[in-house]
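A.B. asks: My structure is below; once you've seen it, I'll send some questions.
Read-outs throughout are calculated quantities, based only on the coordinates presented, and are distinct from any laboratory measurement. Everything numeric in this text was worked out from a predicted model, so none of it was measured. All Cβ positions, glycine included, derive from the backbone under ideal geometry; neighbour counts span all protein chains shown.
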Amino acid sequence: MQQMWLSLLSGLCLRLVLPCSAEEGLEFPNFDGKDRVLDITERNYKKALKRYDLLCLFYHEPVPANKGLQKRFQMTELVLEVIQWVYRGWGERKETVCWCEVCLEEVGSLYVFKDDRVIEFDGELSSDTLVEFLLDVLEDPVEMINSAMELRAFERMEEDIRLIGYFKGEDSYYKAFQEASERFQPYIKFFATFDKSVAKHLSLKMNEVNFYEPFMEEPAILPGRPLSEMDIVEFVNQHRRATLRKLRAENMFETWEDDMDGIHIVAFAEEEDPDGYEFLEILKDVARDNTNNPELSIVWIDPDDFPLLTTYWEKTFKLDLFRPQIGVVNVTDADSVWLDMSNDEDLPTPEELEDWIEDVLSGRVNTEDDDESADDREHPDSYVTEDSSESHDPDEEEDSDD
């Protein structure tokens, strides 16, 4: 995989990040202005790959002539500088980060090279998101559960896809589980236990692996014992699209690209808001009732997690995001149809929401209704259709943060 990537590096321009130090303590850092991202030539990039335990590559087009685009590019560089400066101030790690910039057509692609693995970053290009992502990459791909406290923490992670296996010890079928975990780090969390009491609490048998879909109360048991690495990998790949999944800063582009036949069913709900919390519970009920439907996947967005995008979404979809909303969005042109909840004080019941979702999946509610003439529109009165000429491409969402 690494050799395939290296074959793309003809005429590249790379940048190397040097070690640096930061002030101790919990104060929010102020960038000191030093340039820690240095150019690397085509002659020495192979040396950089061998030298650093962690290598990060950021691809971009040649620096534009437009002053506005130049300023945006400079802000991106500043994000990289801040990350490297802060990162090197956290403890005495042997790993050194190397940021590289490659002149390719694909804009904004970022990859992390660790050992013989290449991990693509598909999230928001911000310093806090990237720092957290890198720290997750540096952790062991499998986290051990050995105590009641760790078990409680595991059970509270309802928003995450996670797997847990019970094994005799490190010199057992655990090795296959560990190798499989490296394929999905850090996006999917893997846990293991060698403790009989933990396994009993989770109803795990020896060499058995459980798969927890987000927001589901009961796990799925991977078929077969013992499991090979490929058994685990194939199962995760088949089940990683959750019935209800939360949009996160660290994988927002990957989630958005994983549409269902060109559309997403999108729900906006603030978890800290009483109405938003109630609506989220309704979404969970619907997801649990339809967890075996491979055609259904709902993307939940908490506007509080994306404050810089809230105004953009409200303008694009003509919505009030202070209230819970659910609709279907065309990923190509941002046309959308939203369930009309404006005239009712009460939120829809799970049954009413399931009826609307069934209409979406059957095509009776679709985003092309608003492209017809007014006389030809035949969608139910309970649905609100909004047309927008603006693209809802995630890259444009990211641009709106600037």
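A.B. asks: With a 10 Å Cβ neighbour count serving as the proxy for reagent exposure, in which order, fewest first, do 356, 313 appear?
C.D. replies: The most exposed by this proxy come first: 313, 356.
A.B. asks: Could I ask something else about it? Distance in nm between label sites at residue 157 and residue 46, each 7 Å beyond Cα in the beta-carbon direction?
C.D. replies: Spacing of the two 7 Å Cα→Cβ label points: 4.0 nm.
A.B. asks: By how many nm would the segment from residue 261 to residue 281 lengthen if fully extended, with 0.36 nm per residue of separation less the alpha-carbon distance?
C.D. replies: 4.6 nm
A.B. asks: Moving on. Compute the length gained on full extension between residue 249 and residue 175: take 0.36 nm times their separation in residues and subtract their Cα-Cα distance, giving the result in nm to one decimal.
C.D. replies: 23.5 nm
A.B. asks: Oh, and also: I need the GluC sites (Glu not before Pro) found in segment 257-354, filtered to DSSP loop residues with at most 12 other beta carbons within 10 Å of theirs.
C.D. replies: Taking segment 257-354 and a limit of 12 other Cβ atoms within 10 Å, the loop GluC sites (Glu not before Pro) found are 272, 295, 345.
A.B. asks: Averaged over all directions, how much area does the convex hull of the C-alpha atoms of segment 142-239 cover when projected, in nm²?
C.D. replies: Answer in nm², one decimal: 5.4.
A.B. asks: Now, a different point. Could you rank the peptides 115-122, 317-324 by their average count of other C-beta atoms within 10 Å per residue, with the highest value first?
C.D. replies: Packing proxy ranking, top to bottom: 317-324, 115-122.
A.B. asks: With the cut-off at 23 Å, tell me which of the pairs 246/284; 175/196; 168/246; 168/200; 200/246 have Cα atoms farther apart than that.
C.D. replies: Beyond 23 Å: 168/246; 200/246.
A.B. asks: Summing +1 for each Lys or Arg and -1 for each Asp or Glu, what net charge is found among the other residues whose Cβ lies under 13 Å from the Cβ of residue 175?
C.D. replies: Taking every Cβ under 13 Å from that of residue 175, the sum is -4.
A.B. asks: Can you put 255, 349, 291 in order, fewest other beta carbons within 10 Å first?
C.D. replies: 349, 291, 255
A.B. asks: Separate question: For 179, 139, which order do you get if you count the other beta carbons within 10 Å of each Cβ and list the fewest first?
C.D. replies: Result, fewest neighbours first: 139, 179.
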